[in-house]
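Read through the structure below, which is laid out as structure tokens, and then see the notes.
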Amino acid sequence: MIYLDNCATTKPRKEVVDIMQKSMIEDFGNPSSLHRLGMKSEQKIKIAREHIANALNVNINEIYFTSGGTESNNIAIQSIISKFGKRGKHIITTKIEHPSVLNIMKNYEQQGFDITYLNVDNQGYISLKELENSIRNDTILVSIMHVNNEIGSIQPIFKIKDIIKKVNPNTLFHVDGIQGFGKVELALKKWEIDCYSFSGHKVYGPKGIGGLFIDKKLILNPLIFGGNQEKGLRSGTENLTGIIGFGEAVKIMSENHKIEIENIRELKEYFAQKIEEEIPYIRFNTSLDENSSPYIINISFNHVRGEVLLHYLEDKEIYVSTTSACSSKGTEKSHVLKSIGLKNEEIEGSIRFCFSYEITKEDLDYTVKVLKESVADIRQITMR
Amino acid sequence: MEKVLSVSLGEIALKGLNRKYFEDQLIKNMRRVIKDIGFEKIYKEQGKIYIEAEEHNFPQMINRLKKVFGLVYISPCIRIEKNEEKIKDASIVAIREKIDKEKINTFKVDTNRADKNFPIKSPELSRQIGGLILQNFNELKVDVHNPDTFLYIDIKQNAYIYTDKIKGYGGLPLGTNGKGLLLLSGGIDSPVAGFLMAKRGLEISAVHYHSYPFTSERAEEKVKDLARILSRYVGRIKMYSINLLEIQKEINSKCKENEMTILSRRFMMKIAGRIAEREGINALITGESLGQVASQTIEGISVTNKSVDIPVLRPLIGLDKVDIIDIARDIETFETSILPFEDCCTVFLPKHPVTKPKIEDILKSEEALDVETLVDKAIENMELIIIE
């Protein structure tokens, strides 16, 4: 099996699975319980939180556990709005955000908020000029994703905060870091990010666990009330097993991710070059330079339906994703690919390949071989 | 006073000498759906079938029995000896239970005396029991035209007292009318067609065509879900799954683009015909409805029909889409049928399909193809899926 759908989710590392299994059997106490078993669980959470705080180079008190990326985005954005909504009704985001951000924005738009959706260029980057011109006195929040999940473009986060500070220092800055965490350069403190969302299952950890960094100067209102776990921001008995697995995954990741990133950047270049040589009529929807994630490459194959190609590949045990979901009620086109100006046909023929540390050159050679044959077979029918 | 379930037979009651055959098949089918719930005994008594079982299991049993073809009504009854006093007591109990469940103002007693040796005639017994109920329940009145509830009294070997008649689908017991092979797609129509023919006693198998990898595995999963819903009515279904892609590729490369659909339809029928022959199946069933889509014009249907000798049953042929949808909702296939992943493969769909094909033209087009070999190959690679 060649798994190239790592943006959707990653395979948990063996060490992660082992430690989680052990915790479910041995350390199942409720961290809030006063007895020894509860205290042991509390300790384990502390260790996991430390691993994550270390990886992000922030204070341990600034890390909150959630149920995943979607919840982190929701808590960050909605809590900021609930706290500062009186100060202003203007929010800035981009046209290529994940639905868990865009749909929150749509909801606030209906409640009378004014949302600016920044455009992106044909490689998926926002214009800093447009950002600067969009920030107003009543702008309470700028929410921008670090790495785009469909095409891999990396936004210049470090420059964004400078602009925000220059035009309106009161505006808060949230970064959706779900596809970027552990995979691209990040300096939360230096870049003065106020909130940062990330997720466990994108970094070889378990599903159902995520994290949110909130700068310690910020005290946000909770959305979920209850027993005041996570310092009252996110009540509910902690997902102990998930947190332990998440902590372990992040620990291993930060031990060797510098080398891993370098290797994967090379593999991406190799893969792109090979495809360019072997398969005609294609378009790279991802830039191949340093401004895009080494883990993601999005390619449109002309005269091919992405979903058909996906099934051809799966038949050879190669797993990828299309960026346009297909349905009998018509095709739902990717808003990201539309935003970078792709024609409908190019959107329909797009496939996203997402790498992991387990992928080898041989895997990619085989993938290109199967791609070449499949694309030729499909085009024989569609280009008649 | 014992509680039993009674089952009334519809059309089966009209059968002459064959009646026992139909009844026995029905009892067999009833046993199949309730055997895991557990029951004491199933017996026949003067035209009806009775089930002895624990009362708390009645609701679940009724729910399943409703889906058994051939039965018209199911009633939870009180069974007693044919004795005037006991009938009186049971009638009061039955009315009290009814009042506890629903708001009732009016009633009517309806007696059916199958045992003519019972001394009190039906109208007289109805009057007596009616009077008794009026005495015992001040709030109730008699309404002989449009009562809120009936109180039924059946005098047979035993006496049976009941108030509710829960409707079944009627029809004929499954398996009393041979076997049919349903061409099952993921759409709204074909499951309904299968249901309607099964209701006439036909045992159902199914064949499904896909174009993997041009279509998704989820599309096939959806068809299996539909077959599973259908199997609540028709029992175990053998489903043959056929990949049509090679055939479609051949047609695509060798025939006119606008004949794609009609030629594919003929292949589907031929393959189904071949499976039917092999499996001893007597007819094909399709969800075609006249004029619904381009391939379902009268010309299209004639040309498709000429690809097989076996009878092709089209129970939906004269139904409007809205009527078909009503049945689909009723049998609970609709929600599944309208899920997406239907068929992403529009690659092979002609832009302007022929709506008035002529058989001569189509036969001529087929000459370009090695039809027999293609059919053989498709059947060779067929998959059998058992739906329970």
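Which residue out of B:Val371, B:Val308 is free of Cβ contacts under 8 Å to residues at least 40 places away in the same chain and either buried (at least 17 other Cβ atoms within 10 Å of the Cβ) or within 14 Å of chain A (Cβ to nearest Cβ) (or both)?
None of the others qualify; the one that does is B:Val308.
All but one of (1) assigned to a loop (DSSP other than H, G, I, E, B); (2) surrounded by fewer than 21 Cβ atoms within 10 Å (Cβ to Cβ) hold for A:Glu346, so report the exception by its number.
Failing condition for A:Glu346: (1).
If A:Gly232 satisfies every condition in (1) small (Gly, Ala, Ser); (2) surrounded by fewer than 24 Cβ atoms within 10 Å (Cβ to Cβ); (3) touching a residue at least 24 places away in the same chain (Cβ under 8 Å) but one, which is the exception?
(3) is the only condition that A:Gly232 fails.
Give me the pairs: first residue in the range A:194-211 and closer than 12 Å to A:Ala249 by Cα, second residue aromatic (Phe, Trp, Tyr) and surrounded by fewer than 24 Cβ atoms within 10 Å (Cβ to Cβ), beta-carbon distance under 9 Å, and six or more apart or on different chains, which are they?
A:Tyr204/A:Tyr357
Restricted to the range A:260-278, and to residues that are closer than 14 Å to A:Ile351 by Cα and not small (Gly, Ala, Ser), which residue is surrounded by the fewest Cβ atoms within 10 Å (Cβ to Cβ)?
A:Ile275
Of B:Lys108, B:Lys116, which residue is touching a Pro at 6+ places or on another chain (Cβ under 6 Å) and of a type in the set (Lys, Arg)?
B:Lys108
Could you please tell me which pairs satisfy a Cβ distance under 9 Å, a separation of 6+ or placement on different chains, a first residue in the range A:306-320 that is within 9 Å of A:Val370 (Cβ to Cβ) and more than 8 Å from every other protein chain (Cβ to nearest Cβ), and a second residue that is among the small types (Gly, Ala, Ser) and buried (at least 21 other Cβ atoms within 10 Å of the Cβ)?
Final answer for the pair search is A:Leu313/A:Ser374; A:Lys316/A:Ser374.
Of the residues B:Ile188, B:Ile229, only one is in contact (Cβ under 8 Å) with a residue 12 or more places away in the chain, within 14 Å of chain A (Cβ to nearest Cβ) and more than 23 Å from A:Lys316 (Cα to Cα); which?
Exactly one residue qualifies, and that residue is B:Ile188.
Enumerate the pairs (first residue in the range B:196-213 and away from chain A (no Cβ under 14 Å); second residue anywhere and among the β-branched types (Val, Ile, Thr) and assigned to a loop (DSSP other than H, G, I, E, B)) with beta-carbon separation below 7 Å, excluding pairs fewer than 6 apart on the same chain, so at least 6 apart or on different chains.
Pairs found: B:Gly201/B:Thr176; B:Ser205/B:Ile281.
Just the residues that are buried (at least 16 other Cβ atoms within 10 Å of the Cβ), at pLDDT below 80 and in contact with a Cys (Cβ under 9 Å, 6 or more places away or on another chain), please, taken from the range A:317-338.
Within the range A:317-338, A:Cys326, A:Ser328, A:Thr331 meet the criteria.
Of all residues in the range A:138-170, count the ones that are assigned to a loop (DSSP other than H, G, I, E, B) and farther than 20 Å from A:Leu218 by Cβ.
Residues in the range A:138-170 being assigned to a loop (DSSP other than H, G, I, E, B) and farther than 20 Å from A:Leu218 by Cβ: 7 in total.
Going by the structure shown, is B:Pro357 over 24 Å from the mean Cα position of the chain (by Cα) and not in a helix (DSSP H, G or I)?
yes
On the basis of being within 14 Å of chain B (Cβ to nearest Cβ) and of a type in the set (Lys, Arg), does A:Arg265 make the cut?
In short, no.
Please work out which residue is farthest from A:Glu71 (Cα to Cα), limiting yourself to the range A:210-245 and to residues that are charged (D, E, K, R) and part of a loop (DSSP other than H, G, I, E, B).
Across the range A:210-245, the extreme among qualifying residues is A:Lys217.
Say we look at the range A:76-97 and pick out the residues that are buried (at least 23 other Cβ atoms within 10 Å of the Cβ) and in a loop (DSSP other than H, G, I, E, B); which of these is nearest to the chain's Cα centre (by Cα)?
Only one residue tops the list, namely A:Glu97.
The values are calculated or read from the model by the stated rules, or taken from the named source; none is laboratory data. Please read these numbers as outputs of a predicted model, since none were measured by experiment. In this analysis, Cβ positions are derived from the backbone assuming ideal geometry, glycine residues included, and neighbour counts consider all displayed protein chains.
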